[in-house]
Amino acid sequence: MTTANLLDFDLEGLAAFCQTLGEKRFRATQLFRWIHQRGAREFDQMSDLAKSLREKLRGAARIEGLPVISQHESADGTIKWLFDVGDGNAVEAVFIPEDDRGTLCVSSQAGCAVGCRFCSTGHQGFSRNLSTGEILAQLWFAEHFLRGHLGTTDRVISNVVMMGMGEPLQNYAALVPALRVMLDDHGYGLSRRRVTVSTSGVVPMIDRLGQDCPVALAVSLHAPNDPLRDNLVPLNRKYPLAELLAACGRYLEHAPRDFITFEYCMLDGVNDQPEHARQLVDLVRASGVNCKFNLIPFNPFPQSGLTRSPNTRVVAFAKMLSDAGIVTTVRKTRGDDIDAACGQLAGDVKDRTRVGERIAQQRTVMLRQVPAGVAKEG
């Protein structure tokens, strides 16, 4: 008999499931709290549920997380978990502790179809979308593991960023219920301002998210003009900058924050020149989108053929944006010693689509097509 994994349900879905068992809605709320607030794995742990209900649940449902393949802890306190999602695929989640917050970076897909040149995950190709339960299992496991690890009953994870493996907005049907569980006061009770979805720019889904479940939005920008972004972020060929920035403006009408975060990976000689900074200033001013920039030092991996911008150039780039009145930060690299930093989430996943070969071909084309005045990388 097939049983339902209760991690797959938001509260409304769990209420509907309980109704099929002949149970009232308040039982769903009890179940929801036991699973997400207390980390229960077995129905016998749920002491305030009637024995008859627990027997029904044992026959019809389960609480099933993801098997942990490995766990690595960095010298800076960052922890990376590799989870098995079957068929030779694995996904990663990363916990980043800071003085005023605990952030979990969560994956939404096994692999990624977008193929950004500077992202290790994109070089794997795409395998499949994760289910709602597989997305939530990363938070469920990490939160309750960390409570035990730290010897506390208080909430450890205060922020969730959908910045792990995959493009979240290309897995929209599973993403939104997962976000609702994160936000639900009976679940993890996170603020909309502390849950961030990062996208490479899936314009129609940005609009839908603004209507369905607005949370903080981060956009992987990485280039100030369409020719360069076409090469760095292939999705730009479908949704160019003008369309993307217009969608960002619409999203702000619903967003819990009054700005969009633009992520910008600093690539030596590719997108880090003074003229690129000037173009970015002109781009955001023309769009009217209230934003801040998060400059990300690139984390090199051999297949990319790219290198990190020198720190002096990153600082100079940030100053040009700041002097133009744009709030700009430089992301502190974390977890480098365990390959847990931005763009390095890869796991041990098969390259199912010969993406390495295709990227090499794209690189040749890119070197021929870099716009005039843009330095070619070595």
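The values are calculated or read from the model by the stated rules, or taken from the named source; none is laboratory data. Since we're looking at a predicted model, the values are computed, not measured. Here the Cβ is made from the backbone with ideal geometry for all residues, glycine too, and neighbour counts use every protein chain on show.
For (1) in a strand (DSSP E or B); (2) surrounded by 19 or more Cβ atoms within 10 Å (Cβ to Cβ); (3) at pLDDT 95 or above; (4) at positive phi, each residue gets a yes or a no:
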| site | (1), (2), (3), (4) |
| --- | --- |
| H254 | no, no, yes, no |
| M266 | yes, yes, yes, no |
| V270 | no, yes, yes, no |
| K292 | yes, no, yes, no |
| N299 | no, yes, no, no |
| G325 | no, no, yes, yes |
| K332 | no, no, no, no |
| A340 | no, yes, no, no |
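Of the residues making up the range 237-249, one or more are outside any loop (DSSP other than H, G, I, E, B), touching a Gly at 6+ places or on another chain (Cβ under 7 Å), modelled with pLDDT of 95 or more and in the same structural domain as Q170 (by TED's automatic domain parsing). Here G22 meets each of (1) surrounded by fewer than 18 Cβ atoms within 10 Å (Cβ to Cβ); (2) not in a loop (DSSP other than H, G, I, E, B) with one exception, condition (2). Select from the range 40-53 the residues that are closer than 24 Å to R147 by Cβ and in a helix (DSSP H, G or I) and write down the one among them that is farthest from the chain's Cα centre (by Cα). Filtering the range 40-53 for residues that are closer than 24 Å to R147 by Cβ and in a helix (DSSP H, G or I), the one farthest from the chain's Cα centre (by Cα) comes out as D44.
Conditions tested, residue by residue: (1) assigned by TED's automatic domain parsing to the domain that holds F145; (2) buried (at least 16 other Cβ atoms within 10 Å of the Cβ); (3) modelled with pLDDT under 95.
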residue: W34; (1), (2), (3): no, yes, no
residue: A40; (1), (2), (3): no, yes, no
residue: D48; (1), (2), (3): no, no, yes
residue: A75; (1), (2), (3): yes, no, yes
residue: W81; (1), (2), (3): yes, yes, no
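Starting from residues that are in contact (Cβ under 8 Å) with a residue 12 or more places away in the chain and not aliphatic (A, V, I, L, M), keep the ones in the range 312-323 and report whichever is surrounded by the fewest Cβ atoms within 10 Å (Cβ to Cβ). Ranking the candidates gives R313 first.
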